[in-house]
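See below for the structure under consideration.
The values are calculated or read from the model by the stated rules, or taken from the named source; none is laboratory data. Because the structure is a prediction, the values reported are computed rather than measured. Positions of Cβ are backbone-derived with ideal geometry, glycine not excepted, and every protein chain shown enters the neighbour counts. Heads up: the accessible areas ignore ligands, DNA and RNA and are worked out on the full protein's heavy atoms, side chains in. Shrake-Rupley method; radii C 1.70, N 1.55, O 1.52, S 1.80 Å.
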Amino acid sequence: MIERTQQLYEGKAKKVFATTDPDLVIVSYKDDATAFNGEKKGTIVGKGVVNNRMSNYLMEKLEQKGIPTHYVQELSDRETLVKRVTIVPLEVIVRNIAAGSLSKRLGLPEGTPMSRTVLEYCYKDDALGDPMVNAYHIMAMQYCTQDELNTIATMALKVNQFLKNYFKKINVDLVDFKLEFGKTSDGTIVLADEISPDTCRFWDATTHEKLDKDRFRRDMGGVEDAYKEMMKRVLGE
Ligand code: TMP
Ligand code: ASP
């Protein structure tokens, strides 16, 4: 019987607890929401439940497709047992359609399809505002090795292939998303963190209505309803 012990970490949207098994931790999802590196704060009622359940469901599907993840077992609506990993300090962003910071940076109207998939890396550091870095920075700063980065890029593109097709079937365009990867105690790179409306841009494929955290970031209203709608489409409830 694995039991929860002390809190290891509290982030902006989740808490992490140690367990009696040194290779496993429990993640607990909060309803707290932040944007713009914590400048904007709020609550999205029920978000923790949606993100936990949706992320677990998708990680299970990805495991079935041969992509290793940190997922072990859903414990409750908000809590999940995951493998203990050392997080590679990179936000890996995958883009299919221009939006957000890419639209701003390159002057591309939001909604412009990218002629090929775009991968970006940001160094995870709140004090620096998660600056974008390239493979040379990553090697020079030793955020991970070249082999690990190759594995991460290959996995990110595979995740995109699966998720894009999966969401298409529920009439959702997967515009872009952010992934994080971790290293287990034996050095294996696994998909970690979450896949949820907090970390993806989801647009209804017919109406182009936003069904993700941009509704919170941009004060559009209907935030909770958008999360609920995505839960309904993915989990059928
Ligand atoms: P961006 O357009 O703001 O760079 O965001 C790209 C994607 O990454 C989008 O789906 C939202 C997600 N994202 C996060 O999950 N966390 C973050 O801190 C940021 C800035 C973006
Ligand atoms: N991670 C961002 C923050 O620090 C939130 C976001 O825009 O997704 O608040």
Close pairs from region 196-219: first on the phi < 0 side of the Ramachandran plot, partner open to solvent by 30 Å² or more (accessible area, probe 1.4 Å) and among the hydrophobic types (A, V, I, L, M, F, W, C), Cβ under 7 Å, at least 6 apart: Lys210/Met220
What pairs can you find where one residue is in region 94-115 and closer than 18 Å to Asp204 by Cβ and of a type outside the set (Asp, Glu), the other is outside any loop (DSSP other than H, G, I, E, B) and open to solvent by 60 Å² or more (accessible area, probe 1.4 Å), and their Cβ atoms are less than 7 Å apart, with a gap of 6+ or different chains? Asn96/Lys164; Ile97/Pro113
Checklist (1) closer than 30 Å to Met1 by Cβ; (2) part of a loop (DSSP other than H, G, I, E, B) applied to Pro109, failing item: (1)
Could you tell me whether any residue of region 20-37 is closer than 25 Å to Asp225 by Cβ, away from ligand 1 (no atom under 16 Å from the Cβ) and open to solvent by 60 Å² or more (accessible area, probe 1.4 Å)? no
Given the conditions (1) open to solvent by less than 40 Å² (accessible area, probe 1.4 Å); (2) in contact (Cβ under 8 Å) with a residue 12 or more places away in the chain, which single one is not true for Gly11? (2)
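Would you point out the residue of region 86-105, among those that are in a loop (DSSP other than H, G, I, E, B) and over 16 Å from Asn134 (Cβ atoms), that is farthest from ligand 1 (Cβ to nearest atom)?
So the first thing to find is which residues in region 86-105 are in a loop (DSSP other than H, G, I, E, B), and the list is 88-89, 98-99.
So of that shortlist, the ones also over 16 Å from Asn134 (Cβ atoms) come out as 98-99.
Details: Ala98: 9, Ala99: 6 Å.
It comes out as Ala98.
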Do you know which of the residues in region 17-39 that are β-branched (Val, Ile, Thr) and touching an Asp or Glu at 6+ places or on another chain (Cβ under 8 Å) is nearest to ligand 2 (Cβ to nearest atom)? Val27
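Out of Glu60, Glu79, Glu91, Glu74, I need the residue that is under 14 Å from the mean Cα position of the chain (by Cα) and either open to solvent by 10 Å² or more (accessible area, probe 1.4 Å) or within 16 Å of ligand 2 (Cβ to nearest atom) (or both). Which one?
Numbers: Glu60 fails: under 14 Å from the mean Cα position of the chain (by Cα); Glu79 fails: under 14 Å from the mean Cα position of the chain (by Cα); Glu74 fails: under 14 Å from the mean Cα position of the chain (by Cα).
Going through Glu60, Glu79, Glu91, Glu74 in turn, the sole match is Glu91.
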Could you check, for region 41-54, whether at least one of its residues is within 15 Å of ligand 2 (Cβ to nearest atom), open to solvent by 60 Å² or more (accessible area, probe 1.4 Å) and in contact (Cβ under 8 Å) with a residue 12 or more places away in the chain? yes
Kindly indicate the residue of region 106-122 that is out of contact with any helix residue (DSSP H, G or I) (no Cβ under 8 Å at 6 or more places or on another chain) and either more than 9 Å from ligand 1 (Cβ to nearest atom) or among the aromatic types (Phe, Trp, Tyr) (or both) and also most open to solvent (accessible area, probe 1.4 Å) among those meeting that condition. Arg116
Considering each of Leu75, Leu58, Leu90 in turn, give the residue that is within 21 Å of Asp186 (Cβ to Cβ) and touching a residue at least 40 places away in the same chain (Cβ under 8 Å). Leu90
Open to solvent by 10 Å² or more (accessible area, probe 1.4 Å), modelled with pLDDT of 95 or more and within 16 Å of the chain's Cα centre (by Cα): does that describe Pro68? yes
